[in-house]
Amino acid sequence: MLTKFETKSNRVKGLAFHPSRPWILSTLHSGSIQLWDYRMGTLIDRFEEHEGPVRGVDFHVTQPLFVSGGDDYKIKVWNYKLRRCLFTLLGHLDYIRTVYFHKEHPWIVSASDDQTVRIWNWQNRSCLAVLTGHNHYVMCASFHPRDDLVVSASLDQTLRVWDISALSQKSVRAPTGEEMMGQMRGNFNAAVNSDLFGGTDAIVKYVLEGHSRGVNWAHFHPTLPLIISGADDRLIKLWRMSDVKAWEVDTFRGHLNNVSCVMFHPRQELVLSDSEDKTIRVWDLNRRTCIYSFRRENDRFWIMAAHPHVNLIAAGHDSGMVVFKLERERPAHAITAGNLIYVKDRYLRSLDFDNGRDVSLVALAGSSSGGGGGGLGSFGSLGGYSAFGDMANGIGGSGGGSASAAAQRAPARSMSYNAQENALILNYDDDNGRYELYVLPKGAAGEANVEPRRGSGTYAIFVGRNRFASLEAGKTIVVRDLHNEVTKRVPVLLPGADMMFQAGPGFVLLRNEERVALQDLQQRKIVAELSAAMIKYVAWSEDMKRVALLGKHVIVIASRKLEVLATLHETIRVKSAAWDDSGVLLYTTLNHLKYCLPNGDNGIVSTMQQPIYITRVRGPAICYLDREGNPGLMPIDPTEYTFKLLLLRKRYDDVRRMISENRLSGQAIIAYLHKKGFPEVALHFVRDEKTRFALAIDSGSLDVGLASAQALNDPEAWKQLAEEALRQGNVDIVELCYQKTKNLERLAFLYVVTGNFDKLAKMAKIAEASGNYMAQFQILSYLGDFESIASVLADCGQGPLAKLCAGTYGLSELAAQLPGEDVSASFDSGKLLCPPVALSNGANWPMLQISRGLFKRDTAAGEFEEPSADYYEDAATFAESERDPTWDEAPAAAKTAADAVDPFAAELDQRQPSGGEGLGGWGDDEFDIDVPGAGVSNAGEGAPDGGPVETDEFGREDDTDVTEAEALYYVPPKAGTGLEARWRRSSKLAGELVASGAFEDAFKLLSRQIGASQFAPMKEAMLSVYLGCRLSLPGTVNVVSNQALISRMDDVDRPLTTFSLPALKDRVGQMSQFVTQGRFSDAAKLIRLIFASAPLMSVDTMEDVNEVRAVLATCKEYGIGLALEARQKAAKAKNDAASQVLLAALFTHCRMSPVHLQLSLRAAMKVSYDVKNYIMASGFARRLLETSPKPELAASARKMIQFCDQNMTNACEVDYDDRRDFVVDCASYTPLYAGQPRTECPYCSSVYAPAARGSVCSTCAVSTVGVTAEGLRISSSQVR
């Protein structure tokens, strides 16, 4: 039994599979209906309108409907798309046990404890027929899959088969007039007549009697005239029907309690049953024997359901449900150079990949064994173990044991093929592992008759030309020759190894639950290993240089030396994998075909309806086997992963060719290119202007950004473009952006810095015309035109300031003409303001010169070169052609600016800034400014030869000759990786992540390692770590300080953390002094600080790690003790004597130093004496003497013992017994004795009662109680 999905809930009473989607409905005894996706393992929806338990449920075959029936006497029809109940059918008078849809008619059949079976029409919401005759509860009723029959089972110990052919005929024709008049003339309406006396549309065809107690279930066979039933007499009976009668065929015995449900397997000749004896049993229908029994320890089974098309079965029990399948469906196969060897229908077959010829090679042993034909098919692959952890025990029925016969027909789990000797090995799981060796005759045509050589052992594989190895008991690798004779025994060097895989001649791959190791059989040593949990399958590349290790939900890609190259995690089960010729791994999940590049990038190739198993990848197609063992060929589109692989391997010429052929599209490619640092390439896939603008800014492509900004004409876009252009030093675009946004202040400052005072003077005129005195004053100050400044001050009503300005700068005549008071006498210390000096000549900054951009076309070379062959067909040449990424193989010819055409601009609008656009944002023409692009004539005007005037990217005429050097392509330099980013990339410890500033990553890591959920107590420690690796170096005057980062001496890519082990020990020593001095609050604060800083440490060796753990254990004991002391003081203030003496007693059990233990015992002795608990006081005094105290303290203890022994009483009863082992519950501060349930803090290991699970630990104040965590990681040796 292979468990696929399991839930935990209330008792499950009803189950139903969706016929096409991976959904299952479960109805609970609590009244809820749950819709689960068993493939994803998620709860999709919950329906809760029933009052009381819901016992029956069923999906409609074609409509988005399901029906449910419960103990509220109601049948409800639901639409799961609308997520609501459509209507309710009323009529039953007691609990409803089962409900089922008819496959063709719009009918529902229901069984109820009111002793009736009813058939309903869900379209007109009416009751068609009431089937009466049972005289006890009707436990189930269902339609026949093909015929007009209904079977019902009742606690009256009978089964009834009902003929509903009359009802079926009536449903396809209109009622006659006589029938309608008869209904109208009746004393009662049709529904009441049917309820009281039963209808004539359904008659009893057979009454099957044979069970001695009530029958719980009955089920039709899907194709044969058979019925199976299960009852409270613990028996399962098989019945056969004919046209005239029905009779009992046989009885299945083996269940030890009531049989709850029994059914035929939809596609195999098996019977499945479950029972209140907590077992699921599988029976051979032909031999009438129990083959396997699967037991659950504490839960009774109540219901079963089988998927109509997929090999899945569900069973409901007391605490939930389980979805499982009886056998593995992965066909055993092996790949040779040109053939697929696989097993189908007990035959070994060979498929030629080149011509598609499929031939049978040999009939496998046991394929023609008699005794019932091929009834079981391939059932025996259960492997002897149940899904619930118990050994699957075969329990013989009335026909004797048949487990061995079933085992002979068990399908092979895996295959290993030796092409040189034409030999193969089939591995089986039964009998604790066995194998069969077939040596096929070379050159034989057609099917051969070969007798296999058998042996015991698991995972037999070929390790040489004429040698194969098998794993025995997980301890020994046995090497045999092709005659099945042992030649060598090699010990397994990986502890706990339970599986073995091929790894080339002389090597094997071994796996245990946590690791995978490569073992050399000749040298008897492990040459490589890696950490990978529960690997199930292995896929080697054709050259054996890479290997994919497939787990249930993980894929690990590694090199031959088991160096991890990439790790993938999937939410859906991984089924198979195969490498293509270029080094891309293609793998399948339950519903997707996916790819993975060597660097770990992955994506979806296609979606699949049913799972397949990849056997080979060749160009744009994959070869596969389906679950029935049928080979197939599926065409795929490898464009996406081929493009990414070319980009990864820097095959930029091929990348350019793919782009030019428009073979790619979609947002996924754009996001991938942007993520991988190729936003300039992503530009050529984008037509949306906003996206193009964002990519252009990110890639530093100012020309594309300018075109997009003009198309958007958004102030925010102009602002971003100005910032990027200013970063690159492109003064012309910065000027244009400031003009577009009318940012006069920034534009004026730009003109000042670049020395463009002519345009600055024009700006002053524009400001004057618009009445903007502030802007005019600022611009005139830049120009040093103080006469105009005085006039501006006078115009805005600042006469005294105007006179002062004119007088200061020697403009006496102007000062005399200006109105206002002369205040120059009050400012004797005034100084002249010197106009600013330009810092540059206004030219654009020079850019980094390279020969050619990665994705720019050389126009002199013409169009892109055509490929000599399809690059999908010979993908193996990728690795051999790591060519120079530059495009120019030879010096390019001289080019002009007009020739510099974007190769991808064929479909793009050529948008250049025009003069009108540059001017229109400023107002009237009389204030014309010579902005970039102004005055440029339209195409075709002004050219001497009638052709277009050559312009640069800003619209200015360019009549200069362009040399070869000037025609080179310029790009902005890319920023390197900063030290902080390198810290984040290489940091593996929480303290190092905090030092690098990656606080979010540190929070996640601490949550995973120590269950941390409260980070406020760690704020001070984190800031200390963050600031402790940074220096601030003062700069020159008016320049900000420089920040320096401090790395480790041994590794510059890791930060230096401030917290060290000696500092931690010093804090522990200081805390101990505080406790000795009685400064308990200061000691408690220091303990919290130690707990907050310890996870942020970075130590070198495991010895240091163990010392830190010892320090934390000590702090935990002191923390609990100080908390007890604080509560004791609070209890004393409340005069709570019992709590006071209990807390004092618990304080003495904290593992502290001898000095502090003596102090706690002394305090507990005094408290017990004060409250007259003399027995406890005597016990504390005796414990005090055991610590070898000072003479005066020992004398005091002896006196206490002498006094208390004469008064052996306790005035206060407390829950304290020092004769039993206990720990302190850190939530209630009471003892938790041995045997009581408990949980712990994952960080400090403080103990709590289960009720405290999910709360914050009171000792460390950081972690959540009861969560699962990896453990403290403070050394790089712990995470390697």
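The values are calculated or read from the model by the stated rules, or taken from the named source; none is laboratory data. If you're wondering where the values come from, they're calculated on a predicted model, not measured in any experiment. Neighbour counts run over all protein chains shown; Cβ positions are idealised from the backbone, glycine included. What goes into the accessible areas is simple: the full protein's heavy atoms, side chains included, and nothing from ligands, DNA or RNA. Shrake-Rupley method; radii C 1.70, N 1.55, O 1.52, S 1.80 Å.
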Unique match (being among the hydrophobic types (A, V, I, L, M, F, W, C) and surrounded by fewer than 21 Cβ atoms within 10 Å (Cβ to Cβ)) among 709, 769, 722: 769
Enumeration of residues in region 545-555 that are open to solvent by 10 Å² or more (accessible area, probe 1.4 Å), out of contact with any Lys or Arg (no Cβ under 7 Å at 6 or more places or on another chain) and within 15 Å of residue 594 (Cα to Cα): 554
All strands (runs of 3 or more DSSP E) inside region 528-629 with 1 or more residues being over 22 Å from residue 412 (Cβ atoms): 546-550, 554-559, 564-569, 574-579, 585-589, 592-596, 602-607, 613-618, 621-625
Subset of region 513-544 that is within 30 Å of the chain's Cα centre (by Cα) and of a type in the set (Val, Ile, Thr) - its residue that is most open to solvent (accessible area, probe 1.4 Å): 538
Among (1) buried (at least 22 other Cβ atoms within 10 Å of the Cβ); (2) out of contact with any Asp or Glu (no Cβ under 7 Å at 6 or more places or on another chain); (3) in contact (Cβ under 8 Å) with a residue 60 or more places away in the chain, the one test that residue 297 misses: (1)
Subset of region 147-162 [touching a residue at least 40 places away in the same chain (Cβ under 8 Å) and either open to solvent by 40 Å² or more (accessible area, probe 1.4 Å) or not assigned by the TED database to the domain that holds residue 306 (or both)]: 155, 157, 160
Yes/no for residue 41 being closer than 25 Å to residue 216 by Cβ and either touching a residue at least 40 places away in the same chain (Cβ under 8 Å) or open to solvent by less than 60 Å² (accessible area, probe 1.4 Å) (or both): no
Residues satisfying the stated conditions in region 757-766, i.e. surrounded by 20 or more Cβ atoms within 10 Å (Cβ to Cβ) and either more than 60 Å from the chain's Cα centre (by Cα) or in contact (Cβ under 8 Å) with a residue 24 or more places away in the chain (or both): 763, 764, 766
Test: residue in region 738-745 that is modelled with pLDDT of 85 or more, of a type in the set (A, V, I, L, M) and crowded, with 19+ Cβ neighbours inside 10 Å: no
Complete set of residues in region 273-292 that are open to solvent by 10 Å² or more (accessible area, probe 1.4 Å) and assigned to a strand (DSSP E or B): 292
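Residue-by-condition table, conditions (1) free of Cβ contacts under 8 Å to residues at least 24 places away in the same chain; (2) open to solvent by less than 60 Å² (accessible area, probe 1.4 Å); (3) touching a helix residue (DSSP H, G or I) at 6+ places or on another chain (Cβ under 7 Å); (4) within 19 Å of residue 1276 (Cβ to Cβ):
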residue	(1), (2), (3), (4)
985	no, no, no, yes
993	yes, yes, yes, yes
1000	yes, no, no, no
1019	yes, no, no, no
1050	yes, no, no, yes
1069	yes, yes, no, no
1077	yes, no, no, no
1085	yes, no, no, no
Test for residue 349: is it free of Cβ contacts under 8 Å to residues at least 40 places away in the same chain and either in a strand (DSSP E or B) or more than 35 Å from the chain's Cα centre (by Cα) (or both): yes
Qualifying residue in region 1175-1190 (condition: out of contact with any Leu (no Cβ under 6 Å at 6 or more places or on another chain), under 20 Å from residue 1078 (Cα atoms) and open to solvent by less than 40 Å² (accessible area, probe 1.4 Å)): yes
Filter result (open to solvent by 20 Å² or more (accessible area, probe 1.4 Å), closer than 17 Å to residue 435 by Cα and either under 42 Å from the mean Cα position of the chain (by Cα) or touching a residue at least 24 places away in the same chain (Cβ under 8 Å) (or both)) within region 481-512: 482, 483, 484, 498, 501, 502
Subset of region 788-798 (residues that are surrounded by fewer than 20 Cβ atoms within 10 Å (Cβ to Cβ) and either on the phi > 0 side of the Ramachandran plot or in contact with a helix residue (DSSP H, G or I) (Cβ under 6 Å, 6 or more places away or on another chain) (or both)): 788, 796, 797
Selection count, region 80-90, where residues are closer than 15 Å to residue 106 by Cβ and either part of a loop (DSSP other than H, G, I, E, B) or open to solvent by less than 30 Å² (accessible area, probe 1.4 Å) (or both): 2
Total residues in region 12-62, condition in contact with a strand residue (DSSP E or B) (Cβ under 7 Å, 6 or more places away or on another chain) and basic (Lys, Arg): 3
Helices (runs of 4 or more DSSP H) within region 1114-1194 that include 2 or more residues in contact with a helix residue (DSSP H, G or I) (Cβ under 9 Å, 6 or more places away or on another chain) and hydroxyl-bearing (Ser, Thr, Tyr): 1154-1170, 1174-1185
Strands (runs of 3 or more DSSP E) contained entirely in region 435-499, each with at least 2 residues that are acidic (Asp, Glu): none
Yes/no for residue 59 being within 32 Å of the chain's Cα centre (by Cα) and either open to solvent by less than 40 Å² (accessible area, probe 1.4 Å) or without any contact (Cβ under 8 Å) to a residue 24 or more places away in the chain (or both): yes
Residue identified as open to solvent by less than 50 Å² (accessible area, probe 1.4 Å), modelled with pLDDT of 50 or more and not polar (S, T, N, Q) among 315, 403, 387, 337: 315
Answer residue from region 1128-1158, given it is open to solvent by 70 Å² or more (accessible area, probe 1.4 Å) and in contact (Cβ under 8 Å) with a residue 12 or more places away in the chain and is farthest from residue 1224 (Cα to Cα) among those: 1155
Given (1) within 30 Å of residue 1124 (Cβ to Cβ); (2) open to solvent by 30 Å² or more (accessible area, probe 1.4 Å); (3) at pLDDT 90 or above; (4) among the aliphatic types (A, V, I, L, M), index of the condition residue 1063 fails: (3)
Boolean, residue 77 is buried (at least 23 other Cβ atoms within 10 Å of the Cβ), in a strand (DSSP E or B) and not aromatic (Phe, Trp, Tyr): no
Subset of region 4-26 (residues that are touching a Ser or Thr at 6+ places or on another chain (Cβ under 9 Å) and farther than 18 Å from residue 81 by Cα): 7, 8, 9, 10, 11, 12, 13, 14, 15
